[in-house]
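The values are calculated or read from the model by the stated rules, or taken from the named source; none is laboratory data. On a predicted model such as this, the values are computed, not experimentally measured, just so you know. Neighbour counts run over all protein chains shown; Cβ positions are idealised from the backbone, glycine included. These area figures cover heavy atoms from the full protein model, side chains too; ligands, DNA and RNA do not enter into them. Shrake-Rupley method; radii C 1.70, N 1.55, O 1.52, S 1.80 Å.
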Amino acid sequence: MRRGGRLSWLLPLALAAGCSPVPREAVAPQAADAPLTQTADFLLVDKSDRTLTLFREGRALRTYRDIAFGDAPQGHKQFEGDERTPEGRYTIDTRNPNSAYHLSLRISYPDARDRAFAQSVGRSPGGDIFIHGQPNGSPLDRISGDWTDGCIAVTNAEIEEMWSAVPDGTPIEIRP
């Protein structure tokens, strides 16, 4: 595939085939010190690389690094209290300006498949999974390590930028 080329005609075919609209090695994002002037139409979280990338029309707008996950970051979230961050395709379905973690964008976990699996074993799938900043009142720019209950944590400056650039309804893919 040609890098930086316009392959917008290919996106519907790729989606119909069940492929991700973003290749593993995407176009390099703009520098973090440059203001983000476009809105994202897709988010990609790579748990193994600890990155969250905002995309617009297949081009990386910004990549955030060293993001934090739930206390048990390996594997897909299955049950309430398992401390895992979900994996799969969801959407950003709402935002919370009064979050206990600066600002937060809610991920649409659990979906019907997640609920069905949990119910099949008599458990709750949990919920309220967000991309959020640091705890209100924290003197730290970033708490080190994995410390959330399954959410994705970034710095307050990063969530402020995402707050402006990520509209409700934006698809998000979380990869292992």
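Once both labels are modelled 7 Å past Cα along the beta-carbon direction, what's the ASP66-GLU173 spacing in nm?
A separation of 2.7 nm, rounded to one decimal place.
Starting from the Kirkwood radius over alpha-carbon pairs of the stretch 108-176, derive D by Stokes-Einstein at 25 °C in a medium of 0.890 mPa s and give it in µm² s⁻¹.
Using the Kirkwood radius from Cα pairs, D works out to 173 µm²/s.
Which distance in nm do the two modelled labels at ARG50 and GLN38 give, with both placed 7 Å along the Cα-to-Cβ direction?
Reported label-point gap for ARG50 and GLN38 is 2.8 nm.
Less than 14 Å Cβ to Cβ from ALA72, Lys/Arg counted +1 and Asp/Glu -1: what total charge do the surrounding residues give?
-4
Which values, in whole Å and largest first, are the semi-axes of the equivalent ellipsoid of the stretch 22-155 obtained as the square root of 5 times each eigenvalue of the Cα gyration tensor?
Semi-axes (√(5λ), whole Å): 25, 19, 14.
Stretch ARG123-GLN78 to full length: gain in nm at 0.36 nm per residue minus the Cα-Cα span?
15.3 nm
Please report the carbon-and-sulfur percent of the accessible area for the stretch 31-176; probe 1.4 Å, protein heavy atoms only, DNA, RNA and ligands left out.
Carbon and sulfur atoms account for 47 percent of the accessible area of the stretch 31-176.
What is the sum of charges around GLU87, taking Lys and Arg as +1, Asp and Glu as -1, for the other residues whose C-beta is under 13 Å from the C-beta of GLU87?
Its environment carries a net charge of +1.
For GLU160 and ALA112, calculate 0.36 nm times their separation in residues minus their Cα-Cα distance, and state this gained length in nm to one decimal.
Gain in length upon complete extension: 14.3 nm.
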